[in-house]
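Encoded as structure tokens, the structure appears first; notes follow it.
The values are calculated or read from the model by the stated rules, or taken from the named source; none is laboratory data. Being a predicted model, the structure only gives us computed values, none of them experimental. All Cβ positions, glycine included, derive from the backbone under ideal geometry; neighbour counts span all protein chains shown.
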Amino acid sequence: MDIIVCIKQVPDTKDVRLDPETNTMAREGVESIMNPFDRHALEEAVRIKENLGGTVTALSMGPPQAEAVLREAISCGADGGVLVSDRAFAGADTWATSYTLAKAMVTLGNFDLVLCGKQAIDGDTAQVGPGLATQLSLPYLTCVQKIRTIGDSGLVAERMMDDGYDVVQLPLPALLTVVKDINEPRVPSLKGKMRAKKAEIRVLRAADIHADEKCIGLAGSPTKVVSVFSPKPRGNRTVFTGSPAEQVEQLVAKLKGLL
Amino acid sequence: MDYFLTEEQQMIVETAREIAREKIIPLRAELDEKNEFPTSILMDMAKADLFGVFVPEEFGGLGGGCFEIVLVLEELARGCVGVATSFAANALGIYPVMIAGSQEQKERYLPDIASGRKWAAFGLTESNAGSDASGVRTTAVLDGDEWVLNGTKQWITNGGEAQIYSIVAMTDPSKGPRGASIFMVEDGDPGFSYGKKEDKMGIRASATRELIMKDCRIPKDRLVGRKGTGFITVMKTLDISRPGIASLGVGLGQAALDEAVVYAKQRVQFGRPIISFQAVQHMLADMAIQLEAARALVYAAARHIGSNAKNISKASSMCKVFASDMAMKVTTDAVQVLGGYGYMKEYPVEKMMRDAKILQIYEGTNQIQRNVIGQELNKEYASA
Ligand SMILES: Cc1cc2nc3c(=O)[nH]c(=O)nc-3n(C[C@H](O)[C@H](O)[C@H](O)COP(=O)(O)OP(=O)(O)OC[C@H]3O[C@@H](n4cnc5c(N)ncnc54)[C@H](O)[C@@H]3O)c2cc1C
């Protein structure tokens, strides 16, 4: 089973601030980390490889420093890392990012499964996974909390829902985005770290992936951020307690009081 | 302070620290309360290659030595000394094979130890053989192609959890200390079973059990080294393992200091943070001084021992005594800095104080260590 895991380097949101002047994220002095959801996608890929054999390739689009998350991925069990990096990619929204990653995957060639985190903690859009699958015409499933079975003939996975989960069968190749419940990621191993230190990270430029320049970077991004602001705090809230019957009684009384 | 670690040593520290932060600290209070063995954490450590740190590369390890394992244990102990003890006892249990074992024995055991697939334990102590190891009553008699072992070991760390046991038994009781030998006994060997699990004051995540050998039959080739050399191998084993116990003290002391300083900055009495009171500050300062002095001594001793130096007993004993006494003092003072809160289970320092005590007792009490140091001094100054 050959698996590609998409990994994004993100600022550690534990200490992110918005620049009040420009309404953009103040990234200076903020530590960069592997997007936490992607860590779970990577762990799942490595576990599948440990069971079925095959390879795990970590793929990231980002600036040259994003190489660090690819090395980290190798220390956690990925076989190799590919960085899609070019000034022309700068300013990409989720559409342009999906396009670019899809082009990179076509360039890389054969794979059976693509795993992504549910969303990146900086943008929180959850769009790149599905966008990528659409670009590649792959069947996909989002918010996967468990892969029940996986083999050459396809996979059966659980999609987390608000009120339980769906069980979905997909043929391969396919793309899944995963939630944190899927597994408990391992700590990078010592041998993995040593391998990661020596590993050669392959870099793909715009020309290498035959990207249409109208589809990449800022120019290829239909999304325009008009403004960024903190929403006003919500009004007072009341939580009713007691048995359901008591809660209903309290609610009715409260609503009547508003009339 | 910068101890000039190599890049590889830094990697080892980082990995062990991450295990402590991600895997040990979230679980330590529960393991302590439930007296529960940290199986899943040890498996996480295995995946991170920590079990291979001290195993030679030819057997699948990373080829580190005494200093590297000290670095690992210090970081693990910052998380929990009970968990770290389980890891340390594994090394203790396999050192006899590394020191005196045959090539076949090394090939049989070391790859599984390096990968963490199997764990080891060290069985010396008996009800009448504590500080005085010559009190060992367990016997081993050769019967055809098999050794037959009889006896009961007491307070064996990893007992019942490990798969590989190095057992000290008398092969010739009439010869006293020269009549002892070491055998490798494996989980599942006929006549080998486990007794009750102890309910302890501290390091409650570690498992301490009896090992019972009742006509326990093992193949002839499980004898480690030559017959009668058991105590020599035991002494060599403890000489290289004791800095590990010392480093548990350093990690524990660091954890206690961290808690105490953070608390002292936040706790306000008489209108100001208690760290502004000189009495508190001086206590913290003394903790920091003792801690750093212990670390420096442990690192120096471990590097000395790792260099294959000849005379290592004194250095080994000195660092064990100093660091464990320091840990007892520093954890006690950490509780003092936190006052009544420190005495409560909601804060981690009461557990740290309970955990510290064992470091002055096992792998040779601190009194016994001082005996060793004294005897070595006597020898060194023989001509004086
Ligand atoms: C939690 C735990 C885990 C352990 N794990 C292991 C293990 O994995 N494997 C193993 O083999 N053993 C293990 N032990 C045993 C441990 O090593 C012994 O408890 C220790 O060596 C002391 O022996 P003792 O308890 O019988 O004390 P004793 O020898 O009875 O000593 C009692 C007191 O007398 C003092 N004393 C004794 N003789 C002298 C002397 N000559 N000079 C000065 N003072 C002296 C001691 O310092 C001590 O203060 C463990 C013990 C504990 C509590």
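Computed quantities for the displayed model
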{"item": "Conditions (1) more than 25 Å from B:Lys47 (Cβ to Cβ); (2) at pLDDT 95 or above; (3) in contact with a Pro (Cβ under 7 Å, 6 or more places away or on another chain); number of the one not met by A:Met61", "result": "(3)"}
{"item": "Among the candidates B:Arg108, B:Arg78, residue that is closer than 19 Å to B:Leu359 by Cβ, away from the ligand (no atom under 16 Å from the Cβ), away from every other protein chain (no Cβ under 14 Å) and modelled with pLDDT of 95 or more", "result": "B:Arg78"}
{"item": "Whichever residue in segment B:111-125 is away from chain A (no Cβ under 14 Å) and under 25 Å from B:Ala246 (Cβ atoms) and, among such residues, is farthest from the ligand (Cβ to nearest atom)", "result": "B:Ile113"}
{"item": "Matching option when the condition is within 10 Å of the ligand (Cβ to nearest atom) and either away from chain A (no Cβ under 14 Å) or farther than 15 Å from B:Phe87 by Cβ (or both), among B:Asn128, B:Asn150", "result": "B:Asn128"}
{"item": "Answer from B:Lys357, B:Lys314, B:Lys265 - the residue that is surrounded by fewer than 24 Cβ atoms within 10 Å (Cβ to Cβ), in contact (Cβ under 8 Å) with a residue 12 or more places away in the chain and more than 30 Å from B:Lys34 (Cα to Cα)", "result": "B:Lys314"}
{"item": "Verdict on A:Glu21 being within 19 Å of A:Ser189 (Cβ to Cβ), out of contact with any His (no Cβ under 6 Å at 6 or more places or on another chain) and of a type in the set (D, E, K, R)", "result": "no"}
{"item": "Filter result (of a type in the set (D, E, K, R) and over 23 Å from A:Pro222 (Cβ atoms)) within segment A:98-133", "result": "A:Asp112"}
{"item": "Filter pass, B:Ala46 being within 13 Å of chain A (Cβ to nearest Cβ) and of a type in the set (Gly, Ala, Ser)", "result": "yes"}
{"item": "Matching entry among B:Val337, B:Val321 (being more than 16 Å from the ligand (Cβ to nearest atom) and in a helix (DSSP H, G or I))", "result": "B:Val337"}
{"item": "Single residue of B:Ala169, B:Ala207, B:Ala140, B:Ala180 found to be hydrophobic (A, V, I, L, M, F, W, C), within 11 Å of the ligand (Cβ to nearest atom) and not assigned by TED's automatic domain parsing to the domain that holds B:Lys23", "result": "B:Ala207"}
{"item": "Only one of B:Tyr109, B:Tyr95 that is in contact with a Ser or Thr (Cβ under 8 Å, 6 or more places away or on another chain) and not hydrophobic (A, V, I, L, M, F, W, C)", "result": "B:Tyr95"}
{"item": "Residues located in segment B:360-384, provided they are surrounded by 20 or more Cβ atoms within 10 Å (Cβ to Cβ) and assigned to a helix (DSSP H, G or I)", "result": "B:Gln369, B:Val372"}
{"item": "Enumeration of residues in segment B:54-75 that are within 12 Å of chain A (Cβ to nearest Cβ), among the hydrophobic types (A, V, I, L, M, F, W, C) and in a helix (DSSP H, G or I)", "result": "B:Leu71, B:Val72"}
{"item": "Selection count, segment A:187-207, where residues are more than 7 Å from every other protein chain (Cβ to nearest Cβ) and assigned to a helix (DSSP H, G or I)", "result": "6"}
